[in-house]
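**Student:** Structure incoming, see below.
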Amino acid sequence: MPSVVSNETRARTFYIETFGCQMNAHDSEKVIGTLQHQGYTRIETEEDADLILYNTCSIRDKAEQKVFNRLNDYKKLYKQGKRFGVLGCVAQQEGEKIFERAPYVSLVAGSASYRKLPEMLAQLERGEQRITGLDDRQTEETFETEFTARSNPHRGYITIIEGCDKFCAYCVVPFTRGKERSRASTSVLAEARRMADAGYTEIQLLGQNVNSYRDLEGKKTFAELLAAVGEIPGIRRVRFTTSHPRDFTQDIVHAIDSVPTLCDHVHLPVQSGSSRVLHMMQREYTRDWYLERIGWIKSAKRPISMTTDVIVGFPGETPADFEETVDLLGEVQYDGVFAFKYSPRPNTPAITMADSIPDMEKSARLQVLLDRQREIQRGNYSKHIGEKIEVMVEGHNTARGQVIGRTSQNKTLNFTTKQPILPATGNYLKVRVTNSFPNSLVGEAV
Ligand code: SF4
């Protein structure tokens with residue numbers, strides 16, 4: 001059986017592809033850092049790698065299929081001594097079944113097992129097959145490591161809580177990422193300080209339910225931790241995602257109002273505007289209860305941008321329920337909505353419910369919702385015309401002679417400058433907004 005060894009002169013190489021959310025993206029940064037610390041070199045193509053890793057997402061069926069298609073595309077490489085590993089949510093969800101479906105896969109490891117990566121790599125190097133890192137939901141483990149290969153030198157992620165205890169009827173996460181377990185605030189703050197010392201100016205705190213954070217040391221509430229990260233010298237922006245309405249408290253809004261480095265943007269997934277559907281989704285809040293939280297955000301001193309997630313076509317959603325969701329968009333006036341068609345997922349409570357809404361109807365509802373939201377955003381974004389807004393430079397569109405910036409409200413602002421040299425990524429500067437589109441702003445540096 002081939003093992004991941006190369007001739008003595010050449011370091012072992014790996015390729016990694018990441019699917020899904022920011023949690024997965026950050027997990028991959030930690031996996032990459034761990035592999036590099038173990039002497040592996042990262043390369044950009046499957047063909048040339050000794051070890052091929054897919055960090056997977058199973059939030060919707062389409063995401064899951066992508067992984068098996070990829071594996072199928074590259075299985076021919078197995079004969080050339082390449083080894084395959086499946087990581088992340090599909091790994092934890094499917095477990096050893098993956099070996100049946102793709103016998104050339106050697107490693108299957110869920111996110112809670114990454115702390116055991118060095119051992120699993122050693123097994124691979126010994127040529128072992130069918131290596132697994134699968135934890136049950138009760139694991140206490142979090143993946144804390146000093147070896148994080150961050151992909152961006154200016155803004156970086158910190159995972160403060162892993163897993164989920166909410167069990168929304170449509171969601172696999174509680175089964176693929178285990179129960180909620182938070183890190184100690186001391187460890188989070190130490191990591192944030194190390195990042196500030198390394199020149200990071202923006203930090204994004206991550207969690208499936210980031211505001212369900214419960215400090216292991218019992219020292220800080222989520223709002224206090226946010227503020228403490230925001231007060232670290234050198235940090236100019238702090239973001240957090242994803243919040244759950246059930247744990248959204250007023251002190252989070254007060255923290256945003258009192259600590260200027262906390263970004264004026266809240267992502268608060270609602271999923272549906274109908275209390276009847278919210279009940280069937282097991283979201284455990286009602287439309288009015290949710291709108292009360294939105295009221296807190298709207299009454300803040302700083303204008304806070306709001307975005308959300310919505311699922312259309314959940315089993316049993318009537319046209320009237322759907323109308324309530326569209327109506328809620330008008331009432332809240334979000335600056336952005338991530339909307340998806342309901343996709344039945346294994347092991348979830350909703351899998352036993354008849355997927356009663358035909359796919360054509362789901363698509364039609366999704367289009368109606370996206371069209372309505374686009375109108376709202378056109379209006380919201382146009383209100384910025386004439387304002388001077390600070391951006392962090394994220395990149396350059398040389399073809400258009402534009403600089404790509406991001407506002408603290410997480411809006412893209414593409415701008416021109418009279419400076420002979422374009423400002424470098426990571427720089428902060430003021431831009432006057434001269435025009436707007438539903439998803440972006442245009443301006444000129446001042
Ligand atoms: S809160 Fe609900 S939707 Fe979010 S990860 Fe947990 S179960 Fe999934």
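**Student:** Of all residues in region 248-262, which are closer than 25 Å to G163 by Cβ and buried (at least 18 other Cβ atoms within 10 Å of the Cβ)?
**Tutor:** Selection gives F248, I252, A255, L262.
**Student:** Of all residues in region 203-218 being away from the ligand (no atom under 16 Å from the Cβ) and open to solvent by 40 Å² or more (accessible area, probe 1.4 Å), which is nearest to the chain's Cα centre (by Cα)?
**Tutor:** L216
**Student:** Now for a different question. Scan region 175-185 and tell me whether some residue there is open to solvent by 40 Å² or more (accessible area, probe 1.4 Å), more than 16 Å from the ligand (Cβ to nearest atom) and part of a loop (DSSP other than H, G, I, E, B).
**Tutor:** Within region 175-185, none of the residues are open to solvent by 40 Å² or more (accessible area, probe 1.4 Å), more than 16 Å from the ligand (Cβ to nearest atom) and part of a loop (DSSP other than H, G, I, E, B).
**Student:** Would you point out which residue out of Q377, Q373, Q409 is of a type in the set (S, T, N, Q), in a helix (DSSP H, G or I) and in contact (Cβ under 8 Å) with a residue 60 or more places away in the chain?
**Tutor:** Only one candidate qualifies: Q377.
**Student:** Here's another thing I want to ask about it. What residue, of Y54, Y74, is closer than 16 Å to E17 by Cβ and part of a helix (DSSP H, G or I)?
**Tutor:** None of the other options fit; the residue is Y74.
**Student:** May I ask you to list the residues in region 144-180 that are out of contact with any Cys (no Cβ under 9 Å at 6 or more places or on another chain) and of a type in the set (D, E, K, R)?
**Tutor:** The answer is E144, E146, R150, R155, E162, D165, K166.
**Student:** Could you give me the residue pairs with C-beta distances under 8 Å whose first residue belongs to region 351-368 and is acidic (D, E), whose second residue is open to solvent by 60 Å² or more (accessible area, probe 1.4 Å) wherever it lies, and which are 6+ apart or on separate chains?
**Tutor:** D359/K341
**Student:** Out of everything in region 125-160 that is more than 30 Å from T425 (Cβ to Cβ) and among the basic types (K, R), what residue ends up being farthest from the chain's Cα centre (by Cα)? Write out each step before concluding.
**Tutor:** Just the residues of region 125-160 that are more than 30 Å from T425 (Cβ to Cβ), to begin with: 125-142.
Narrowing the set further to residues that are among the basic types (K, R) leaves 126, 130, 137.
Details: R126: 34, R130: 29, R137: 21 Å.
Among those that are more than 30 Å from T425 (Cβ to Cβ) and among the basic types (K, R), it is R126.
**Student:** Could you list all residues from region 423-446 that are farther than 21 Å from R236 by Cα and part of a loop (DSSP other than H, G, I, E, B)?
**Tutor:** Listed by number, the residues that qualify are P438, N439.
**Student:** Does T148 satisfy the condition of being away from the ligand (no atom under 11 Å from the Cβ), in a loop (DSSP other than H, G, I, E, B) and touching a strand residue (DSSP E or B) at 6+ places or on another chain (Cβ under 6 Å)?
**Tutor:** Values: away from the ligand (no atom under 11 Å from the Cβ): yes; in a loop (DSSP other than H, G, I, E, B): yes; touching a strand residue (DSSP E or B) at 6+ places or on another chain (Cβ under 6 Å): no.
Considered against the rule, which asks whether it is away from the ligand (no atom under 11 Å from the Cβ), in a loop (DSSP other than H, G, I, E, B) and touching a strand residue (DSSP E or B) at 6+ places or on another chain (Cβ under 6 Å), T148 comes out as no.
**Student:** Quick test of your reading of the structure: F240 fulfils all but one of (1) touching a strand residue (DSSP E or B) at 6+ places or on another chain (Cβ under 7 Å); (2) open to solvent by less than 10 Å² (accessible area, probe 1.4 Å); (3) among the hydrophobic types (A, V, I, L, M, F, W, C). Name the failing condition by number.
**Tutor:** The failed condition is (2).
**Student:** Only residues that are open to solvent by less than 70 Å² (accessible area, probe 1.4 Å) and hydroxyl-bearing (S, T, Y): list them for region 318-354, please.
**Tutor:** Listed by number, the residues that qualify are T318, T325, Y334, Y342, S343, T348.
**Student:** From P245, P315, which residue is more than 25 Å from the chain's Cα centre (by Cα) and either within 16 Å of the ligand (Cβ to nearest atom) or open to solvent by less than 10 Å² (accessible area, probe 1.4 Å) (or both)?
**Tutor:** Just a single option satisfies the conditions, and that option is P315.
The values are calculated or read from the model by the stated rules, or taken from the named source; none is laboratory data. Worth saying up front: this structure is predicted, and the values here are computed from it rather than measured. Cβ sites come from the backbone with ideal geometry, for glycine too, and all protein chains shown count toward neighbours. Ligands, DNA and RNA are stripped out before the accessible areas are found, and what is left, the full protein with its side chains, is counted by its heavy atoms. Shrake-Rupley method; radii C 1.70, N 1.55, O 1.52, S 1.80 Å.
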